[in-house]
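Worksheet for the structure shown next.
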Amino acid sequence: MAAVACCLTACGNKPANEAAGTPESEPQWEALFNGENLDGWTVKVTGCPSGENFGNTFRVEDGLLKVRYDGYDAFNYRFGHIFTDKSYSHYKLRVEYRFTGEQLAGAPEWAYRNSGAMLHAQAPETMHIDQDFPVSIEAQMLGGDGEHDRPTGNVCTPGTEIDIEGEHYTGHCANSRSKTYHGDQWVTMEMVVLGDSIIHHIIEGDTVISYSRPIIAGGNVSPASSLPEGALKEGRISLQSEGHPVDFRKVEIMDLSNL
């Protein structure tokens, strides 16, 4: 009884929210892109060493993170990614993006109005110099062509595999339930990422696909990665350049690791 009384006294001296076992403050959004420069990010373009921003592909103008190709003579399969310098495991990511302009000559047809946020991505310095995509889980961003259905928020799996609705998925891309967004409108994409348990893609407030148990498993990366196979619990976040101009006006994260 004395021990119980001591506990009650100690708990009684704590703030009400702490005594109830609730966090003192809710998680807050933190900007990954500061709207001014590329501090905190590292670029990797196929055929170039980590840190070389070939052709000034990724740049900051008018407060936007822009992907542009005016420094290219041709695409030449120079897929690019800009990576956070930190790794993350449990978080919510919010990205506001829009496609604009015309696709670069020589870029693949499938890359028309195509970009993505790579989750649990390998670090850029661990990629082969000619590697096209980092081992990661991609939350794919697609824009419409003005005519056909083309959902956004799909999931693609470079060097990885996942489970969808309880079934192991070894394909490369699985479509979401999203509507098609035509034109140059801004689209808000959110991703809830909980380590290697479950990941949700949310488009304009609607959950459009969920999946679980991401693992490193090889495939869909060229040249093949030498990373060991196994559970994929954390990694960098990266944004893509695949041959079509795209703008990002907000890239922010909410840490969920303490929930």
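The values are calculated or read from the model by the stated rules, or taken from the named source; none is laboratory data. A quick note: this is a predicted structure, and the numbers were derived from the prediction, not measured. With ideal geometry, Cβ positions are generated from the backbone for all residues, glycine too; neighbour counts draw on all protein chains shown.
Structure above, values below:
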{"item": "Segment 177-195, residues that are more than 14 Å from the chain's Cα centre (by Cα) and within 16 Å of Leu93 (Cβ to Cβ)", "result": "Val187"}
{"item": "Exclusive hit being touching a residue at least 40 places away in the same chain (Cβ under 8 Å) and either among the acidic types (Asp, Glu) or buried (at least 17 other Cβ atoms within 10 Å of the Cβ) (or both), set Pro151, Pro108", "result": "Pro151"}
{"item": "Residues within segment 226-242 that are in contact with a strand residue (DSSP E or B) (Cβ under 8 Å, 6 or more places away or on another chain) and either in a loop (DSSP other than H, G, I, E, B) or β-branched (Val, Ile, Thr) (or both), tallied", "result": "8"}
{"item": "Complete set of residues in segment 223-247 that are exposed (fewer than 15 other Cβ atoms within 10 Å of the Cβ) and hydroxyl-bearing (Ser, Thr, Tyr)", "result": "Ser226"}
{"item": "Hey, Glu125 assigned to a helix (DSSP H, G or I), charged (D, E, K, R) and surrounded by fewer than 13 Cβ atoms within 10 Å (Cβ to Cβ) or not", "result": "yes"}
{"item": "Residue check, Arg236 out of contact with any Ser or Thr (no Cβ under 7 Å at 6 or more places or on another chain) and not aromatic (Phe, Trp, Tyr)", "result": "no"}
{"item": "Extreme residue, nearest to Arg113 (Cα to Cα), among residues of segment 25-84 that are out of contact with any helix residue (DSSP H, G or I) (no Cβ under 7 Å at 6 or more places or on another chain) and among the β-branched types (Val, Ile, Thr)", "result": "Val67"}
{"item": "Residue count, segment 22-36 (criterion: at pLDDT 95 or above, part of a loop (DSSP other than H, G, I, E, B) and either under 19 Å from the mean Cα position of the chain (by Cα) or under 16 Å from His90 (Cβ atoms) (or both))", "result": "5"}
{"item": "Hits in segment 170-193 (condition: over 24 Å from Arg113 (Cβ atoms) and surrounded by fewer than 17 Cβ atoms within 10 Å (Cβ to Cβ))", "result": "Thr170"}
{"item": "Some residue of segment 138-146 being modelled with pLDDT under 95 and not hydrophobic (A, V, I, L, M, F, W, C)", "result": "yes"}
{"item": "Filter pass, Val251 being farther than 26 Å from Thr46 by Cα, within 17 Å of the chain's Cα centre (by Cα) and part of a strand (DSSP E or B)", "result": "no"}
{"item": "Segment 72-85, subset touching a Leu at 6+ places or on another chain (Cβ under 9 Å) and not in a strand (DSSP E or B), residue surrounded by the fewest Cβ atoms within 10 Å (Cβ to Cβ)", "result": "Ala74"}
{"item": "Count of residues meeting criterion [part of a loop (DSSP other than H, G, I, E, B) and crowded, with 20+ Cβ neighbours inside 10 Å] in segment 47-71", "result": "2"}
{"item": "Test: Ser176 is polar (S, T, N, Q), farther than 26 Å from Phe248 by Cβ and assigned to a loop (DSSP other than H, G, I, E, B)", "result": "no"}
